[in-house]
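Have a look at the structure below before the remarks.
The numbers here are math on the coordinates, done by the rules we state, and not lab data. What you are looking at is a predicted structure, and each value in this text was computed from that prediction instead of being measured. Cβ sites come from the backbone with ideal geometry, for glycine too, and all protein chains shown count toward neighbours.
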Amino acid sequence: MKKLNAAIAQAWPRISVTSKLDGIRSWSLQALDTCPGSIESPGVLVDACKGCYATTGNYRYPNVKAPREYNRTDWQRLDWCDNMVQELLKDEYFRWLDSGDLFSVALAEKVLEVMIRTPWVDHWLPTRMYKFPKFRQVLDAMRALPNVSVRFSADSVTGEYIPGLHGSVIGASADTYQAAPGVSLCRAYEHEGRCSGCRACWDKSIDLIAYPAHGRKMSRVIMMKQEG
Ligand code: SF4
């Protein structure tokens, strides 16, 4: 009984901090395992996910993986929304899913509840779950909230996107977007890979964020794309 009580007492959402985001906190899941929208066809990932940053570098360390694995089932607890609201009491900005995706409608509905109950927080949630019709209702409800920026991620790594649908895209280089209307270019690369005060991803008035491709893995994906 003592052991059981200890386990219950420890149940709490695991929050992570990504250095890029100026210390802004995030609730995340394990990449790819929770990303049904990353699959183009059986055994084949969409281009953007082939070079996913969350499958390389620090993300491979056990201490980074462990909280993401834990969160995968922890959200099912009855008091998870209450815990998250409490956890966010002092946050001004929050990033959902620095890695992973909203793999379940029930999870998405709980995240929506947290967003509604934390109006003092600006939430940013990137996702590919818009590809599945059963998620559209809950994603539309999130998008209707004034404090929530839901960005539908394009699959391209060379800058192609659908205006009015996609809210973010990866491009081969910064030059791809210099003159594109309604597009804000992520300039973290000018600040040693950090946001440095930029909060464009949270800004609902910006239609599309374009991220210059970075990282060796992504470079290989783009090279193969261009060759093939
Ligand atoms: S666009 Fe701005 S807020 Fe978004 S990741 Fe880049 S630097 Fe950060």
The ³J(HN,Hα) series, computed from each phi in the stretch 38-55 with the Karplus coefficients 6.51, -1.76 and 1.60 at θ = phi - 60°, rounded to the nearest Hz and given as x for glycine or proline, is 8, 9, 7, 7, x, x, 10, 8, 5, 4, 4, 7, 5, x, 3, 5, 7, 10
Per the charge dipole of the chain (beta-carbon charges, Lys/Arg positive, Asp/Glu negative, Cα centre), the residue among Leu89, Ser153, Ile209 reaching farthest to the positive end is Leu89
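What's the ranking of 202-209, 132-139 by average number of surrounding C-beta atoms within 10 Å, highest first?
On the way: 202-209: 17.0, 132-139: 14.4.
Output ranking for 202-209, 132-139: 202-209, 132-139.
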Under the rule rounded for a/c under 1.5, else prolate if a/b exceeds b/c, else oblate, using alpha carbon gyration tensor axes a ≥ b ≥ c, the stretch 111-200 is classed as oblate
Links exceeding 29 Å between C-alpha atoms in this model, out of Lys50/Lys131; Lys20/Lys65; Lys90/Lys134; Lys20/Lys50, come to Lys90/Lys134
For the chain, longest principal axis from Cα atoms; helix 105-117 axis from its Cα atoms; angle between them, nearest 10 degrees, is 80 degrees
Within the set Pro119, Pro36, Pro13, GNM on the chain using Cα springs under 10 Å gives the largest fluctuation to Pro119
Nearest 10, in degrees from 0 to 90: the angle of helix 62-74 to the longest Cα principal axis of the chain is 60 degrees
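Rounded to the nearest 500, what is the chain's calculated 222 nm mean residue ellipticity when only DSSP H runs of at least 4 contribute -39500 (n - 2.57) each, over all residues? If you can, show how the numbers build up before the last one.
Values: 7 runs with 67 residues, N = 228.
It lands at -8500 deg cm²/dmol.
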Restricted to the chain, the DSSP antiparallel beta bridge percent, nearest 5, is 15 percent
So the angle from the long Cα axis of helix 216-227 to the longest Cα principal axis of the chain, reported in degrees to the nearest 10, equals 40 degrees
